[in-house]
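Structure record follows, encoded as structure tokens.
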Amino acid sequence: MNNNPNTSLNSINIIACNKIILFWILIFFGIGSSHAQQVKGTIDSTSIRIGAQITYEFQVEADAKDLVIFPEGQTFSPLEMIESYKVDTSFTGAKMSLIKRYGLTQFDSGSYTIPRQLVTINQQPFYTDSIAIEVNNVQVDTTKQGLYDIKDIVEVDHATSKVWEYLLYFLIIALLIGVFLFFIIHRSRKKAEAERKLPPFEQALFSLRKLDEEYKEPTRGIDQQEVTKAYYSKLTEIIRRYLDEEVYNRSMESTSAELIDKLLQEKQLGKIDLSKETILKLDQILKRADLSKFARMSPGSGQTEADRIVAEEIVKETKEAIPAPTEEELMRDAAYREALAKRRKRRLIISSIVGVFTILVLATGILVAVKGFDFVKDNFIGHPSKDLLEGDWVRSEYGYPPVIVSTPRILERNEIPIPDSLRTQMDMSTFTYGSLIDQFYIVVNNTRYGGDQEADLEKATQGFISTLEASGAKNLIVKTEEYTTPEGTKGLRVFGSGAFPDALNNKKFSPGSYEMLLFTAPGVLQQVLVAWRDDDKYAIDMAARIINSVELQKTVPTDVK
């Protein structure tokens with residue numbers, strides 16, 4: 001026994017494409033079934049004047065617990081729906097009667113056809129018949145009609161299309177991302193500039209000279225003792241920071257006595273060639289600073305400026321006393337700076353990616369909260385049936401006599417093998433899109449046979465059901481009703497639901513629906529089939545559009561050539 005799943009899938013495809021011959025051969029066999037019509041659509045007048053209103057009325061008979069959904073929006077085109085009235089409901093035991101009315105009009109004269117309308121009952125589709133109406137011109141007696149000046153142009157607010165809504169949303173997201181990237185790049189550059197500050201020696205001299213400018217002018221309203229204290233605090237900080245970076249890396253947290261002792265030790269060990277007099281000068285400055293900060297003692301006049309000059313000399317002498325860095329130390333510093341730059345660049349890239357991703361997630365979350373997940377998935381991720389429905393449709397003729405139909409894709413011709421015994425009696429043209437295991441399936445067939453006999457549509461229906469079952473469908477519910485195309489050709493509409501095989505697992509089935517139109521004439525049988533999955537909310541609109549577009553050419557051959 002072959003358990004290969006690919007073999008099973010191939011078998012389903014072969015059945016869907018080639019076994020369908022069973023349908024065309026069995027068109028004269030079997031018995032069809034009928035189903036009472038539950039939905040009816042009527043209008044109060046088939047002839048109106050331009051701009052006058054007609055009332056379209058749905059009459060629905062259903063169980064009291066049934067969920068009935070009426071059409072919404074401009075589904076009556078080419079007529080315009082101008083008003084939708086409330087549903088009138090009445091109950092008789094477990095049954096209910098629903099009446100739903102719509103006000104329609106048209107502002108151009110001519111002959112129009114209100115297309116079939118869809119009403120769903122418990123997710124099952126029911127269609128009304130199309131209705132032809134005449135819109136007549138209004139006769140005006142210009143000899144009695146008063147004349148008036150042309151009115152001024154009135155500005156009308158145009159509705160924003162969905163395209164502009166999407167574009168505006170994307171522009172807002174792009175603006176947020178741009179602002180975020182600008183902020184983190186600007187911050188990264190500021191940090192890089194801070195890291196590229198002056199060398200310790202130049203920075204110390206610059207800070208000492210700037211110190212005089214900062215405390216040059218007397219500060220009004222502030223105690224001079226506080227100014228002196230702040231001055232010495234800043235002065236010693238500059239000296240300590242320089243020593244911390246160049247001599248002793250704990251200069252900032254050491255006490256004055258600890259710092260002086262450390263400098264003397266470094267001198268004795270020969271690590272710095274700093275004179276003892278310079279160290280003593282520094283000791284005096286630190287002690288005056290401590291007295292100013294903690295004992296609130298003020299130095300004599302001009303002492304602060306003198307100490308600032310001595311501090312500058314201490315920095316210069318320390319610079320000369322520090323041994324020149326070796327080549328190895330210089331290379332180590334260069335490698336450190338390079339590694340620092342790479343680390344900063346890597347942090348910038350990671351922050352940018354995380355930030356942009358966060359903005360996109362938040363924007364998607366807001367859109368899902370406002371519009372719903374299905375809206376986001378279908379419009380931004382994509383939905384195959386939605387793409388078909390909103391794409392460019394093609395209106396083509398298939399077979400002879402032609403079946404004219406609009407479809408989202410050009411149908412492909414399928415060669416159906418016909419037994420030799422039947423080849424001389426019939427000529428068959430079959431065009432398809434997809435198969436029964438796909439989400440959407442379309443078949444258009446023309447069968448011509450000798451003689452003037454017309455096919456039995458009820459028997460053809462049974463042949464159609466047998467073909468679907470042979471293709472893998474099961475639990476089929478079949479409903480039939482008479483159907484008339486907009487140009488007046490009468491036929492049979494077959495529709496219903498069932499379980500269709502899955503494309504990836506032939507043992508798995510999903511609920512689906514189908515609809516087929518059958519037409520017969522002397523020596524000709526024509527069919528249009530559409531099948532889809534119930535979980536595809538766009539498929540039912542595609543099916544209605546295809547079925548409503550069917551048109552038959554009147555020319556009918558009398559024999560098979």
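The values are calculated or read from the model by the stated rules, or taken from the named source; none is laboratory data. Everything numeric here is computed off the predicted structure, so don't read it as measured data. As a convention, Cβ positions derive from the backbone with ideal geometry for all residues, glycine included, and neighbour counts pool all protein chains shown.
For this structure, a couple of remarks:
- Among the candidates D535, D452, residue that is of a type in the set (D, E), within 29 Å of S385 (Cβ to Cβ) and not in a strand (DSSP E or B): D535
- Number of the condition not met by L389 [criteria: (1) over 29 Å from I131 (Cβ atoms); (2) at pLDDT below 80; (3) in the same structural domain as G523 (by TED's automatic domain parsing)]: (1)
- Boolean, D212 is modelled with pLDDT of 75 or more and either assigned to a helix (DSSP H, G or I) or touching a strand residue (DSSP E or B) at 6+ places or on another chain (Cβ under 7 Å) (or both): no
- V87 vs. criteria under 17 Å from Y127 (Cα atoms) and modelled with pLDDT of 85 or more: no
- Restricting R409, R448, R423 to residues that are at pLDDT 85 or above and either in the same structural domain as D536 (by TED's automatic domain parsing) or within 40 Å of the chain's Cα centre (by Cα) (or both) narrows the list to R409.
- Residues located in the stretch 180-197, provided they are of a type outside the set (S, T, N, Q), surrounded by 11 or more Cβ atoms within 10 Å (Cβ to Cβ) and modelled with pLDDT of 70 or more: F180, L181, F183, I184, I185, R187, R189
- Test: residue in the stretch 75-90 that is acidic (D, E), more than 38 Å from the chain's Cα centre (by Cα) and closer than 29 Å to A499 by Cα: no
- Meets criteria (charged (D, E, K, R), modelled with pLDDT under 85 and touching a helix residue (DSSP H, G or I) at 6+ places or on another chain (Cβ under 8 Å)) for D536: yes
- Scope the stretch 295-308; condition in contact with a helix residue (DSSP H, G or I) (Cβ under 9 Å, 6 or more places away or on another chain) and either assigned to a helix (DSSP H, G or I) or closer than 16 Å to S254 by Cβ (or both); matching residues: Q303, T304, E305, D307, R308
- One residue stands out in the stretch 113-124 among those that are modelled with pLDDT of 85 or more and touching a Ser or Thr at 6+ places or on another chain (Cβ under 9 Å): the one that is nearest to L67 (Cα to Cα), namely V119.
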